[in-house]
1. Whose amide H sits under 5 Å from the amide H of GLY158, counting only residues 5 or more places off or on another chain, with H placed in the peptide plane?
2. In the range 1-53, if every C-alpha pair distance is counted and binned at 5 Å from zero, what percent goes to each bin?
3. What full-extension length gain, to one decimal in nm, is calculated for ALA205 and SER314 as 0.36 nm per residue of separation minus the Cα-Cα distance?
4. Ratio to report: Rg/Rh of the range 187-246, with Cα atoms as the point set and Rh obtained by the Kirkwood method; give two decimals.
5. Can you give the alpha-carbon Rg of the range 200-286 over 2.2 N^0.38 Å, where N counts its residues?
6. Quote the FRET efficiency, to the nearest 0.05, computed for ALA105 versus ARG22 with a Förster distance R0 of 25 Å and r equal to the Cβ-Cβ distance.
7. How large is the accessible surface of HIS2 in square angstrom, using a 1.4 angstrom probe and rounding to the nearest 10?
8. Mind listing the long-range amide H neighbours of ILE47? Cut-off is under 5 Å, sequence gap 5 or more, other chains count too, H placed in the peptide plane at 1.01 Å from N.
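The values are calculated or read from the model by the stated rules, or taken from the named source; none is laboratory data. What you see is a predicted model, and the numbers here were worked out from it, not measured in a lab. So basically every Cβ, Gly included, is an ideal-geometry build from the backbone, and we count neighbours across all protein chains shown. Accessible surface is based on the protein model in full, side chains and every heavy atom, while ligands, DNA and RNA are left aside. Shrake-Rupley method; radii C 1.70, N 1.55, O 1.52, S 1.80 Å.
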Amino acid sequence: MHYRSISDMNDAIVRGLHRLPRDIDLVVGVPRSGVLAATLVSLAANIPMTDLDSFLEGRIYTSGVTKRRAALDRKVSEMRKVLVIDDSVAGGNAMRDARARIQAAGIQAEFTFAAVFGLEPQHQETDLVFEVVPHPRMFQWNFMHHKFLAQCCVDIDGVLCLDPTEAENDDGPAYEKFLSEARPLHVATHRIGWLVTSRLEKYRALTEAWLAKHEIKYDQLIMLDLPSKAERQRLGAHGSFKADFYRKSDAILFIESEHEQALRITELSGKPVLCVETHMVSFPNTLSLPALGQAARNLPARLRQIKSQEGRKSAAKTIARALLGARGYETLKSRVKRPA
């Protein structure tokens with residue numbers, strides 16, 4: 001699974017800004033995800049922006065007061081060079097529709113059509129693709145609205161709903177109240193293959209009622225068959241329970257709430273895990289090309305998680321050694337240490 005976070009989108013845009021015409025007057029986002037991309041381009045380049053529907057109606061978003069300049073206050077009729085952008089392109093339907101609507105509106109301008117992520121470096125529907133991301137792929141802004149959910153194991157607490165607080169997690173009346181009233185977090189709009197949770201089997205009825213209330217569709221609900229929270233903690237069965245089921249299943253991805261648990265599940269199952277806490281994917285084979293690419297993208301976020309300077313250095317060295325190989329890493333070290 002090729003995964004991209006909002007941070008990855010921003011990095012791809014910043015890296016690719018030099019490929020855009022220098023004198024873009026306006027950025028137009030293709031609803032809905034393209035508005036996210038348009039916002040990032042607009043903020044990075046300090047260019048006015050709007051969404052496609054507003055553009056066709058002659059409206060541009062107002063700008064704040066921090067980076068004011070005359071160009072931000074122009075009308076649609078004054079915009080000569082317009083960038084129309086979407087988050088991704090695959091079949092090209094959304095971009096073809098955007099082109100057709102603009103052409104039908106008869107707006108006179110020089111248009112550049114772009115997508116942040118594409119299956120190929122160039123698509124018939126776009127003039128520019130910032131980064132190639134092949135199938136199967138999933139994005140932070142659509143991971144719970146994706147057809148691949150039917151092939152995924154998904155955690156409940158911290159993914160579908162907020163985690164219980166310490167006070168709520170009493171394995172008693174407060175916890176039962178939480179299970180009935182848990183606040184939704186990432187509600188899936190596609191059917192999920194397997195819900196795999198460390199919730200105890202004795203809470204199945206309450207869990208099923210909450211899932212039905214929020215119209216979450218799934219094939220199987222897998223729960224931990226232990227008598228109490230204390231026994232679950234004594235056995236430390238959270239990660240091993242999930243990993244064991246995931247390893248034996250046909251699922252292609254596990255979506256887990258907590259970073260350390262995600263790493264544990266990856267290690268024990270030998271399969272990739274997406275962590276919602278960090279929006280990073282961990283891979284079992286750290287030397288595979290997908291794993292190396294993901295590790296490089298994950299590095300800034302991983303370093304922010306590590307509190308000590310030595311820990312950050314160690315993580316950076318590990319990634320560098322994996323990316324460069326032993327010989328390349330040693331060569332780099334010798335060059336860095338070489339006196340001027």
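1. Amide H neighbours of GLY158, under 5 Å, 5+ apart: ASP163.
2. 4, 20, 29, 26, 14, 5, 2, 0
3. On the way: separation 109, 0.36 × 109 = 39.24 nm, distance 4.61 nm.
Full-extension gain reported as 34.6 nm.
4. Details: Rg = 12.3 Å, Rh = 12.3 Å.
That ratio equals 1.00.
5. On the way: Rg = 13.9 Å, N = 87, 2.2 N^0.38 = 12.0 Å.
Relative to the 2.2 N^0.38 Å estimate, the range 200-286 comes out at 1.15.
6. Values: r = 26 Å, r/R0 = 1.03.
Efficiency, from the Cβ-Cβ distance: 0.45.
7. 50 Å²
8. Here the answer is none, since no amide H 5 or more places off falls under 5 Å of that of ILE47.
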